[in-house]
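First comes the structure, then the notes that go with it.
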Amino acid sequence: MTVSSELTPPVTAPGAPPPRAGAFDRLAPRLHRYGLGMLRAGLGGVFVWFGVLKVAGLSPAAALVVAVLPFPAGSWFVPALGWAEVALGLWLMSGRARAAALPVLTAHLCGTFAVLVLTPSVAFAHSNPLLLTLVGEFVVKNVVLLAGAVVVLTRPRRTGDDR
């Protein structure tokens with residue numbers, strides 16, 4: 001078996017100084033240090049924002065939510081969902097009880113995928129699962145929110161970190 005020279009690390013002479021790191025390599029650890037906090041705040045902010053829109057009756061997704069439900073929803077349902085999203089967002093931003101927050105957020109975000117199953121004609125153009133409509137894109141983007149929530153909520157604890 002041969003190994004490509006591109007995969008073999010460069011050989012440096014013993015005692016030679018290590019190669020100089022580029023600007024990105026020097027900046028990346030600093031950015032990473034703040035990145036998880038920024039991601040947590042951003043995800044939580046999105047949940048709070050979308051929830052407040054539902055509570056205020058200004059959410060463009062409210063009609064979609066009601067249309068997808070397999071049961072008749074009263075006028076209380078969308079605002080209640082909005083309050084739940086506000087609570088989830090604040091919970092996510094707090095960083096507290098992460099082990100409990102993860103399944104709740106996962107269930108909520110997976111619930112949004114009901115659109116793809118229950119009303120595929122709204123999510124896919126011409127019944128083609130590769131051709132998303134605007135609604136389909138709105139729903140599928142929740143994969144990214146879910147991935148971000150998993151990253152934020154499963155980060156290892158630091159010593160002395162109560163969150």
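The values are calculated or read from the model by the stated rules, or taken from the named source; none is laboratory data. From a predicted model like this one, the values you see are computed outputs, not experimental measurements. Side chains are part of the model used for accessible areas, which takes the heavy atoms of the whole protein and leaves out ligands, DNA and RNA. Shrake-Rupley method; radii C 1.70, N 1.55, O 1.52, S 1.80 Å.
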The chain, relative contact order in percent, only Cα pairs under 8 angstrom and at least six apart counted: 22
Ellipsoid equivalent to the chain - semi-axes via the Cα gyration tensor, in Å: 42, 24, 13
Solvent exposure of the chain as accessible area per residue, Å², 1.4 Å probe: 67
Top of A23, A149, A61 by mean-square fluctuation, Gaussian network on the chain, Cα under 10 Å: A23
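Under 37 °C and 0.692 mPa s, how fast does the range 53-95 diffuse according to Stokes-Einstein, given a Kirkwood radius computed over C-alpha pairs? Answer in µm²/s, whole number. Could you put the intermediate results ahead of the total?
Numbers: Rh = 11.0 Å.
D = 299 µm²/s.
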